[in-house]
Amino acid sequence: MSLHFRWVGIETTTHCNSSCVVCPHDTLFRHPLTTMPLELFIKILREIATHHSIDEHIRFGGMGDPSCDSLLLERLRFMQQETPNLSPHIASNMASWKKRHTEAVVTERLLPAMRFSLLALTPEASQRVYHRADQGEDARRAIEYFLERNAACGQPIRTELYTLLLENDTDEVERIKAVFWDKVDAMEVWKPHSWSNLLPHLRPTQGQRRSCGKLINPEPVICVNGDVCPCSMDINRELAFGNMNHQTLQEIYDGQPWKRLVSLNQQGEIETIPTCTGCTFLNADSEGVLIEQKH
């Protein structure tokens, strides 16, 4: 019996070079900063590629930035050579992205697409958003270098950029658009989300609720320590229902912890779990969350 996922997230590292005001990494994340061993990563990928199916891709994500993963290129080369049926997906704030990463990704075609996260350009906005005045400019240089090398090699990698419309930062979004709108293949402007209920001031909840889609069409995140969580918002692994170090995915999804979550969701009681109480992903109305986009 095989499992089917919309996508699977793998938290390859919990190290991050940034201190974004809209991220709980520095304030609410309660686990050590570390990197997933390559052996565990390979075990996960081989099982998924051999026994299960995915609609979209493998997301390198979680509480770290892929640019801080010392094994990033080894992981991508493994996927290209050993699990070509699985598509890797990476998003980075780019401030610490190395030129050697760009050269390898572009010349070796290690990714189908590269997604840039950019929340500020000017020193004032960068200080406000990242708590570092030069981060926006560092990211800009890295993104522009990637775009230049990609163009020089015939555009093998689709380029995507997203930003967030933060309070009182409309002008900064317009600056980012002015620089990159015509240079990237796709761009999105979003409202920031509230990381389940951890940062509720960023996006309001509403009275009309819906079932959790992540417990109907699974989108698990496999954390750096092997824990399997049902949702990327469960940053402290409070809902972990198995661990890939000593279980297979099939065993984990056949287990009682997963079945309990599914049952609570079916009964309309998923928000009785504190991690899920007030979660914005359970809002019935998501209108206006994606503000603007270019495909």
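Has region 116-134 got any residue that is assigned to a strand (DSSP E or B) and under 23 Å from Glu39 (Cα atoms)? Within region 116-134, none of the residues are assigned to a strand (DSSP E or B) and under 23 Å from Glu39 (Cα atoms). Asn168 meets each of the listed conditions (1) outside any strand (DSSP E or B); (2) in contact (Cβ under 8 Å) with a residue 60 or more places away in the chain apart from (2).
For region 257-273, which residues satisfy the criterion of being of a type outside the set (A, V, I, L, M) and in contact (Cβ under 8 Å) with a residue 40 or more places away in the chain?
Residues of region 257-273 of a type outside the set (A, V, I, L, M): 257-260, 263, 265-269, 271-272.
Asn265, Gln266, Gly268, Glu271 - these are the residues of region 257-273 that are of a type outside the set (A, V, I, L, M) and in contact (Cβ under 8 Å) with a residue 40 or more places away in the chain.
Please work out which residue is modelled with the highest pLDDT, limiting yourself to region 152-184 and to residues that are of a type in the set (Asp, Glu) and surrounded by 18 or more Cβ atoms within 10 Å (Cβ to Cβ). Across region 152-184, the extreme among qualifying residues is Glu160. The residue that is nearest to Leu202 (Cα to Cα), counting only those in region 239-295 that are of a type in the set (S, T, N, Q) and open to solvent by less than 30 Å² (accessible area, probe 1.4 Å), is Thr280.
The numbered conditions (1) over 23 Å from Trp97 (Cβ atoms); (2) touching a residue at least 40 places away in the same chain (Cβ under 8 Å); (3) open to solvent by 60 Å² or more (accessible area, probe 1.4 Å) are all true for His193 except (3).
Condition check ((1) at pLDDT below 90; (2) out of contact with any strand residue (DSSP E or B) (no Cβ under 6 Å at 6 or more places or on another chain); (3) assigned to a loop (DSSP other than H, G, I, E, B)) across all residues:
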| position | (1), (2), (3) |
| --- | --- |
| Pro204 | yes, yes, yes |
| Lys214 | no, yes, no |
| Val228 | no, no, no |
| Cys231 | no, yes, yes |
| Arg237 | no, no, yes |
| Asn245 | no, yes, yes |
| Leu264 | no, yes, no |
| Asp285 | yes, yes, yes |
| Glu292 | no, no, no |
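Among residues of region 61-76 that are within 11 Å of Glu11 (Cβ to Cβ), those with a Cβ under 6 angstrom from a residue that is part of a helix (DSSP H, G or I) and open to solvent by less than 10 Å² (accessible area, probe 1.4 Å), sequence gap 6+ or separate chain, pair up as Pro66/Leu72.
Have a look at Ala113, Ala125, Ala139 and point out the one that is touching a residue at least 24 places away in the same chain (Cβ under 8 Å), surrounded by 21 or more Cβ atoms within 10 Å (Cβ to Cβ) and under 21 Å from the mean Cα position of the chain (by Cα).
On the way: Ala113 fails: surrounded by 21 or more Cβ atoms within 10 Å (Cβ to Cβ); Ala125 fails: under 21 Å from the mean Cα position of the chain (by Cα).
Of the residues listed, the single one that is touching a residue at least 24 places away in the same chain (Cβ under 8 Å), surrounded by 21 or more Cβ atoms within 10 Å (Cβ to Cβ) and under 21 Å from the mean Cα position of the chain (by Cα) is Ala139.
Within region 174-186, the set of residues being over 29 Å from His4 (Cα atoms) and in contact (Cβ under 8 Å) with a residue 12 or more places away in the chain comprises Arg175, Ile176, Lys177, Val179, Phe180, Trp181, Lys183, Val184, Asp185.
With small (Gly, Ala, Ser) and farther than 19 Å from Gln293 by Cα as the only criterion, which of Ala151, Ala178 stands out? Quick ask: steps written out before the conclusion?
On the way: Ala178 fails: farther than 19 Å from Gln293 by Cα.
Ala151 is the lone residue from the list that is small (Gly, Ala, Ser) and farther than 19 Å from Gln293 by Cα.
The values are calculated or read from the model by the stated rules, or taken from the named source; none is laboratory data. Quantities reported herein were computed from a predicted structural model and do not represent experimental measurements. With ideal geometry, Cβ positions are generated from the backbone for all residues, glycine too; neighbour counts draw on all protein chains shown. We work out accessible area using only protein heavy atoms, side chains counted, and drop any ligands, DNA or RNA first. Shrake-Rupley method; radii C 1.70, N 1.55, O 1.52, S 1.80 Å.
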